[in-house]
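Down below is the structure, laid out as structure tokens.
The values are calculated or read from the model by the stated rules, or taken from the named source; none is laboratory data. Keep in mind that what you see is a predicted model, and the values were worked out from it rather than measured. Neighbour counts are summed over all protein chains in view; Cβ atoms, including those assigned to glycine, are modelled from backbone coordinates with ideal geometry.
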Ligand SMILES: [Zn+2]
């Protein structure tokens, strides 16, 4: 019903509208690699008569095409709504696929495209994800690690110096703004999904584990080509980006179940933080709700366990190590600025965490033992966490760390004759912008407000960080002319215009007992701090993602498909085509 201004109500017949038509999964315009498994589901908006249903695929009865009939659920979730669910089906023949559904009154038509992946070109694929890496982080990393003179950079980042570049659109099936679950899922499955969901289409039922699944690239690579799988991150390994390489759930926060799914998927290398959900409930530091000891389970399944950089390097060096689990912190690991210089965050508790480059080196050593090749996802995941927390110094340092890992991978691949497709991309953007420099050396009086020290245009000049060390990191961030990176999405917070030397920024604290947040008073007394009223809903405790395209660069066999403007689901296609991961031709 549409309520008119005059108060008269007008009933509109909506029978032809998608609002009340059947929902079909996979969704309209889905692209499916030949032979990849998926769950086929039809959700009817009403309770329907099974005898009246007609479902065809390219004009033939769906059960004949898929080889079996679906389960009919007459009252899904106990409501007056029916559904058809058929798990684990596949389509082999490339071409358009028209699915038509009718319940006798209402009907719906969707079209999918099944595609062939062509011949294999790459032995391995390494997908680097800079979580939430905005162009500002990237330029900041370039300025700090390479330097600049008379406007020209004194060097290139490894991720910039690649032959193929594309802009990648990141919207999800439910929103123009994605989170890391559905954005990583688009890369790992080639299908759109919804916020908080991975490896599934988020359906209407309450159960977070019954949603229609789509197959991941890790499953295809293992099932089809017996390739090895590696997942490397600086966040908890259960977090959205690493989890989306294997998991199927609409609830990314279901860490206990995600650990179960990680175990079931058996990635050959799994490195990051997040041991809390591997430990049985009664163990110190555990966050599990049950007494299952997943560290013991992984060990029993043949995995070696590393908890420090030393153990990781030693285990990777052993010729017999073929399955490696590394859990270096109970929660997220710490970023480069804290680990190497400031010793803030969790570094005192976990002083021997490896660098991302050490994690990558260990992964490459172990995974390359498989002659069938490997798929490896490497995430610099704290770029995003720091951007949420308005901590731009730390986000930039972890972008430098990502670039060091990219360089290592490129050097490794070039020694092997470039048999490896290497992609570097964020999963979504953060609304961060480099607007100039913050200048304590400007000739303003000492009592001028800090905002008067923000150098814009010609007053920005160039920052004066110390020359970077061999790994590209300046030893200090509290210099007198530093980068001014600001976010366009803000919770209430105190802007101090200064790097946070004692640990990552913590911009908000709980407000009144109503679920809202307010500026963290910890920073109120910092000289020159100003209260910045937020521009986001008060229930947000942090900055948020933004919906602009992200920059993907690529090199190696198959990378020529990276070009122009792409959808995030096409990144999956680039990888499966490089690996020849289709049924056709095999
Ligand atoms: Zn995020």
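Odds and ends about this structure:
- Per this entry, residue 272 is not counted among residues that are outside any strand (DSSP E or B) and over 30 Å from residue 24 (Cβ atoms).
- From the list 157, 144, 127, the one residue that fits, being in a loop (DSSP other than H, G, I, E, B) and either within 16 Å of the ligand (Cβ to nearest atom) or crowded, with 24+ Cβ neighbours inside 10 Å (or both), is 157.
- Among residues of the range 104-124 being modelled with pLDDT under 95 and in contact with a helix residue (DSSP H, G or I) (Cβ under 7 Å, 6 or more places away or on another chain), the one that is surrounded by the fewest Cβ atoms within 10 Å (Cβ to Cβ) is 104.
- The number of residues in the range 409-455 that are part of a loop (DSSP other than H, G, I, E, B) and either within 16 Å of the ligand (Cβ to nearest atom) or under 19 Å from residue 142 (Cα atoms) (or both) comes to 4.
- All conditions in (1) out of contact with any strand residue (DSSP E or B) (no Cβ under 6 Å at 6 or more places or on another chain); (2) surrounded by fewer than 18 Cβ atoms within 10 Å (Cβ to Cβ) hold for residue 563, with the sole exception of (1).
- All of 441, 447 fail the test of being exposed (fewer than 12 other Cβ atoms within 10 Å of the Cβ), more than 35 Å from the chain's Cα centre (by Cα) and either in contact (Cβ under 8 Å) with a residue 60 or more places away in the chain or within 21 Å of residue 528 (Cα to Cα) (or both), apart from 447.
- Residue 349 being without any contact (Cβ under 8 Å) to a residue 12 or more places away in the chain, out of contact with any strand residue (DSSP E or B) (no Cβ under 7 Å at 6 or more places or on another chain) and more than 16 Å from the ligand (Cβ to nearest atom): no
- Residues of the range 52-73 satisfying the condition of being assigned to a loop (DSSP other than H, G, I, E, B), farther than 19 Å from residue 94 by Cα and in contact (Cβ under 8 Å) with a residue 24 or more places away in the chain: 53, 70
- Looking across the range 163-184, the residues that are assigned to a loop (DSSP other than H, G, I, E, B) and either within 12 Å of the ligand (Cβ to nearest atom) or closer than 15 Å to residue 129 by Cβ (or both) come down to 170, 177, 178, 179.
- Among residues of the range 258-315, those that are under 25 Å from the mean Cα position of the chain (by Cα), buried (at least 19 other Cβ atoms within 10 Å of the Cβ) and over 19 Å from residue 243 (Cα atoms), counted: 3
- When restricted to residues that are within 19 Å of residue 217 (Cβ to Cβ), away from the ligand (no atom under 16 Å from the Cβ) and surrounded by 23 or more Cβ atoms within 10 Å (Cβ to Cβ), the range 367-408 contains 6.
- For the range 398-405, the criterion of a residue being in contact with a strand residue (DSSP E or B) (Cβ under 8 Å, 6 or more places away or on another chain) and farther than 20 Å from residue 232 by Cβ is satisfied by no position.
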